[in-house]
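The values are calculated or read from the model by the stated rules, or taken from the named source; none is laboratory data. Since this is a predicted model, take the numbers as computed values, not measurements. Don't worry about glycine lacking a Cβ; one is built from the backbone with ideal geometry, like all the others, and counts go over all protein chains shown. Only protein heavy atoms, including side chains, enter the accessible area calculation; ligands, DNA and RNA are left aside. Shrake-Rupley method; radii C 1.70, N 1.55, O 1.52, S 1.80 Å.
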Amino acid sequence: MTHATTWFDLIRHGEPQGGRRYRGHLDDPLSDTGWAQMRAAIRADDQWDAVLSSPLSRCRAFAEEIATRRQCPLHVEPDLKEISFGDWEGHTLEALQRDDGERLAAFWADGERHPPPNGENLGDFYRRVRDAWRHWSATLSGQRVLLVGHSGMIRMVLADALRLPPAHAMASLVVPYAGRSRLRIDDTDHGRLISLVHHGVLP
């Protein structure tokens, strides 16, 4: 009988420069506050065998720091970028609610049928994140992995892991800055079991 247990700690980036706004593929770096949030979220007893990251600098810079400090290999995966918000990128929530509120509400209700203008369909986003996540969870099987990513990206990983409809996961799961979630994956001769151990913050 074979049995491999894999642990994934998912952490969202901290606050980027420019404050809260719809970023998507915009590559804003972390602010000083964001760096402090990320560093405060890491504990001395955390142990990882590998670090996996989105290529965007608000994730990658911290992933590089952790990988260097913990002497872990770093893997950067382009398909773990955030969803593209198209014409909404760079705008605050308040501005979009004022100027494009109807389409914004339709997106959060069903992003597959109502994607952002000139942005990414939620179904396409889910599939690219799902495929990347499945690839790396198989490649890094049996290891403890830190995954540094985005709120939407983490929601899509959880949607796949917990078999949730992507639109429900996108609209219903809160992922705060520097929030951490933990998944346990057990691969056995009888199949795969994925369990959500913590979500949002670690106790």
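Name every residue in the stretch 172-188 that is more than 10 Å from residue 199 (Cα to Cα), buried (at least 16 other Cβ atoms within 10 Å of the Cβ) and either touching a Phe, Trp or Tyr at 6+ places or on another chain (Cβ under 9 Å) or among the acidic types (Asp, Glu) (or both), in order of residue number.
Residues satisfying the conditions are 185, 187.
Are there any pairs with C-beta distances below 6 angstrom linking a residue in the stretch 128-148 that is more than 20 Å from residue 60 (Cβ to Cβ) to a residue that is basic (Lys, Arg), with the two at least 6 apart or on different chains, and if so which?
Close Cβ pairs (under 6 Å, with a partner that is basic (Lys, Arg)) do not exist here.
If you scan the stretch 1-45, which residues turn out to be more than 16 Å from residue 57 (Cα to Cα), of a type in the set (A, V, I, L, M) and touching a residue at least 60 places away in the same chain (Cβ under 8 Å)?
Those that are more than 16 Å from residue 57 (Cα to Cα), of a type in the set (A, V, I, L, M) and touching a residue at least 60 places away in the same chain (Cβ under 8 Å): 1, 4, 10, 40, 41.
Of the numbered conditions (1) touching a Pro at 6+ places or on another chain (Cβ under 8 Å); (2) open to solvent by less than 40 Å² (accessible area, probe 1.4 Å), residue 120 satisfies every one except a single condition; which is it?
In the conditions (1) touching a Pro at 6+ places or on another chain (Cβ under 8 Å); (2) open to solvent by less than 40 Å² (accessible area, probe 1.4 Å), residue 120 misses (1) alone.
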